[in-house]
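To keep things clear, I will list the structure first and then write my remarks on it.
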Amino acid sequence: MDRAFGDGALPLGKRQPIEEYIDTVVPAYGAFMNELANEVGEQLYVYENSILYCIGADRPERFDLYTANTFLPKGLPVERVREIGDKYFFPIGLDHVTTPGDEKSTDIFWHDPENGGWVVISVGQRMAADAVSGIRPGSLSREYCANPLLPDWEKPLPSIDVYNTLQSGQEPQSSSPAQSGN
């Protein structure tokens, strides 16, 4: 499923640039996850922080962004998650939806067939989500690839290790996203 949505049908040079993706999809993903967290009344956790891959030898010309893998310890009905996601993702071009699932969980993919990329959330007793840009053109410097890309909404998130520690009854050591295992 992931490969079917990753890269867009448009030639690389005609796809939405990575800079526009970062300015539109990344904040929408953060707002979506924060709204879900508020609705279920739970803390949002991060498995892995966002990372931007630069593809090119000396001067990158192609980019692929993997936005934070996030986790909520409580689920919502699939219909409600879909309603919230549609509100954020349809206006920015992630307007094709696929919902494979089974008796334990349902995945909801909002994807952009022309430019590529998706946001996916697995909905069950818990929720886990991530977003991928697919290969996109851009003019960012290599410096962006040497450091994790931490959007403002992602910076304060505690790691899944903090959640696991709390579940075991121990005191967490740190809630720094930088210690989330990247």
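The values are calculated or read from the model by the stated rules, or taken from the named source; none is laboratory data. Note that the coordinates shown come from a computational prediction; the quantities given were computed from them, not determined experimentally. Every residue, glycine among them, receives a Cβ derived from its backbone with ideal geometry; neighbour counts consider all protein chains shown. Just so you know, the surface numbers come from the protein's heavy atoms only, side chains and all, with ligands and any DNA or RNA stripped out. Shrake-Rupley method; radii C 1.70, N 1.55, O 1.52, S 1.80 Å.
Work out the charge dipole of the stretch 76-171 with +1 on the Cβ of Lys and Arg and -1 on the Cβ of Asp and Glu about the Cα centre, then indicate which of Leu166, Leu150, Leu76 is farthest towards its positive end.
Farthest along the dipole direction, towards plus: Leu150.
Could you state the angle between the C-alpha long axis of helix 18-40 and the longest principal axis of the C-alpha atoms of the chain, as a value from 0 to 90 degrees rounded to the nearest 10?
Approximately 10 degrees, to the nearest ten.
Using only the alpha-carbon atoms, how far is helix 78-89 inclined from the longest principal axis of the chain? Give it as 0 to 90 degrees, nearest 10.
Approximately 40 degrees, to the nearest ten.
Counting only the heavy atoms of the protein chains, how much of Ile84 is accessible to a 1.4 Å probe, in Å² to the nearest 10?
It works out to around 0 Å².
What does the net charge come to around Arg136 if you take all other residues with beta carbon closer than 12 Å to its beta carbon, with K and R at +1 and D and E at -1?
Numbers: positive: Lys14, Arg15, Arg62; negative: Asp7, Glu19, Glu20, Glu61, Asp64, Asp112, Glu114.
In short, -4.
Using a 1.4 angstrom probe, figure out how much accessible area the chain has per residue, in square angstrom, rounded to the nearest whole.
Values: 9330 Å² over 182 residues.
Per residue, the chain has an accessible area of 51 Å².
What's the local net charge at Ile51, with K and R +1, D and E -1, over the other residues with C-beta under 13 Å away? The partial results should precede the final answer.
Values: positive: none; negative: Glu48, Asp64, Asp130, Glu154.
It works out to a net charge of -4.
Per DSSP helix of 4 or more residues, -39500 (n - 2.57); summed, then divided by the residues of the chain. What does that give at 222 nm, rounded to the nearest 500?
Rounded to the nearest 500, it is -8500 deg cm²/dmol.
Treating only the Cβ of Lys, Arg, Asp and Glu as charged (+1, +1, -1, -1), what charge dipole size does the chain show about its Cα centre? Round to the nearest 20 debye. Walk me through the numbers before you get to the answer.
On the way: 14 positive and 27 negative charges, 33 e Å.
Roughly 160 debye, rounded to the nearest 20.
What figure, in Å² to the nearest 10, do you get for the accessible area of Lys14 with a 1.4 Å probe and non-protein molecules left out?
Result for Lys14: roughly 150 Å² accessible.
Normalised radius of gyration for the chain, please: alpha carbon Rg relative to 2.2 N^0.38 Å, two decimal places. All intermediate terms of the calculation are to be shown ahead of the outcome.
Numbers: Rg = 16.4 Å, N = 182, 2.2 N^0.38 = 15.9 Å.
It is 1.03.
Please return the longest range in the chain lying between exposed loop sites, taking GluC sites (Glu not before Pro), DSSP loop only, at most 15 other beta-carbon atoms within 10 Å, and leaving the sites out. Each step should come with its number before you reach the end.
Values: sites that count: Glu61, Glu103, Glu114.
That would be 115-182.
Tell me, what ³J(HN,Hα) does each residue in the stretch 41-50 have, in order and in whole Hz, if you take phi through Karplus 6.51 cos²θ - 1.76 cosθ + 1.60 with θ = phi - 60° and put x for Gly and Pro?
After applying 6.51 cos²θ - 1.76 cosθ + 1.60, I find x, 10, 6, 8, 10, 10, 7, 9, 6, 4 Hz.
Is the stretch 11-107 best put as rounded, prolate or oblate by its Cα gyration tensor, with a ≥ b ≥ c the root eigenvalues, rounded for a/c under 1.5, and otherwise prolate when a/b is larger than b/c, oblate when not?
Prolate is the answer for the stretch 11-107, as a/c is 1.5 or above and a/b outweighs b/c.
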